[in-house]
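Let me begin by presenting the structure, written as structure tokens, before commenting on it.
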Amino acid sequence: MAIKTTVITGATSGIGKETALALAKKDHALYLLVRNVVKGEELKQEIITKTGNKNIHVIKCDLSDLQSVREAAAELNNGKLFAINVLINNAGGMFDKKEISKDGFEMTFVTNHLGHFLLTNSILPLLEKGHARIINLSSEGHKMGKANFDDLQWEQRAYSAITAYGTAKLFNIYFTKSLAEKYADKGISSFAVHPGVVRTAFGAESSGFSKFLLWIAKPFMILPEEGAQTSVFLATEPGMEAKSCQYFIKSKMAKSSLLSWSEANRNTLWDISKKLVGKIT
């Protein structure tokens, strides 16, 4: 059986780490795209020790910095890889206070959506060659999202961490459906995932109402290993291409919000995202 090549963002902790470990056990060649290379190298050694899989690679990629995303994509495109079979856009974040990236984007928007939009489109030839499955981590929080395309950077409204996060997760579903529509003829399939409410370091720096909600939810949270199961399932289960563009919870198709099915909204998001990231190479 041919070795599968998987690229995953946000692999140094939580769901991403458990997903990487599980796929390494299944002999996937892993490319870990991480903000912190030191932590990435530590994870690489941990994966090798626990699984015996030495086909693990670390690439620096800060999704909030579009130049960093371009450099990571260039490293993947440097000719050493023939194809990518699985891309897991796992990284994300919720920011309690409004923060602006070095490129001028609101951090929730760029970290959860725009960075992944640029990464995915920048490595598209490798994804096409691998007839790739693209897995985007969304959330049931998408049901709190609002598609306010006139104020993506929160310049005209009072910032709300929960609404910003919900909107980014809604955009993950739009992105998933757009990928399925645009690239099905290239053999690419895409899926959106709600991993569950997972007990990780996510939101550790939150304060105020966001921190209160996380505190309330903590007794009901699942372990990161459980949160990783749906991503691993979609990356490995045969025949899933027939369910491309769907939203999954606990390894089963689930209903996303009515708003998440808006064709006009997903087309608008794609066009705006393409304009914001500029030239894709």
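Among the numbered conditions (1) more than 30 Å from Lys243 (Cα to Cα); (2) in contact with a Ser or Thr (Cβ under 7 Å, 6 or more places away or on another chain); (3) not charged (D, E, K, R), the only one that Ile59 does not meet is (2). In summary, Ser160 fulfils each of the numbered conditions (1) over 19 Å from the mean Cα position of the chain (by Cα); (2) under 20 Å from Ala254 (Cβ atoms) with the single exception of condition (2).
Applying a threshold of 7 Å to beta carbon distances and a minimum spacing of six or more residues, or different chains, the list of pairs starting in segment 45-74 at a residue that is assigned to a helix (DSSP H, G or I) and ending at one that is among the polar types (S, T, N, Q) reads Ile47/Asn53; Arg70/Ser122; Ala73/Ser122.
When segment 138-152 is limited to residues that are touching a helix residue (DSSP H, G or I) at 6+ places or on another chain (Cβ under 7 Å) and crowded, with 17+ Cβ neighbours inside 10 Å, the one that is nearest to Glu106 (Cα to Cα) turns out to be Leu152. Does Lys211 count as surrounded by fewer than 19 Cβ atoms within 10 Å (Cβ to Cβ), at pLDDT below 95, out of contact with any strand residue (DSSP E or B) (no Cβ under 7 Å at 6 or more places or on another chain) and part of a helix (DSSP H, G or I)? It is true that Lys211 is surrounded by fewer than 19 Cβ atoms within 10 Å (Cβ to Cβ), at pLDDT below 95, out of contact with any strand residue (DSSP E or B) (no Cβ under 7 Å at 6 or more places or on another chain) and part of a helix (DSSP H, G or I). Residues satisfying the criterion are present in segment 187-196 (criterion: in contact (Cβ under 8 Å) with a residue 40 or more places away in the chain and either more than 19 Å from the chain's Cα centre (by Cα) or in a helix (DSSP H, G or I) (or both)). Criterion applied to Lys102, Lys50, Lys54, Lys80 was being surrounded by fewer than 18 Cβ atoms within 10 Å (Cβ to Cβ), more than 26 Å from Ser257 (Cα to Cα) and at pLDDT below 95, and the one residue passing it is Lys80.
The number of residues in segment 234-280 being over 22 Å from Thr167 (Cα atoms) and among the acidic types (Asp, Glu) comes to 2. Which ones in segment 30-46 are crowded, with 18+ Cβ neighbours inside 10 Å and out of contact with any helix residue (DSSP H, G or I) (no Cβ under 9 Å at 6 or more places or on another chain)? Across segment 30-46, the qualifying residues are Gly40, Lys44.
The values are calculated or read from the model by the stated rules, or taken from the named source; none is laboratory data. Computed from a predicted structure; not experimentally measured. Cβ: placed from backbone, ideal geometry, glycine included. Neighbour counts: every protein chain shown.
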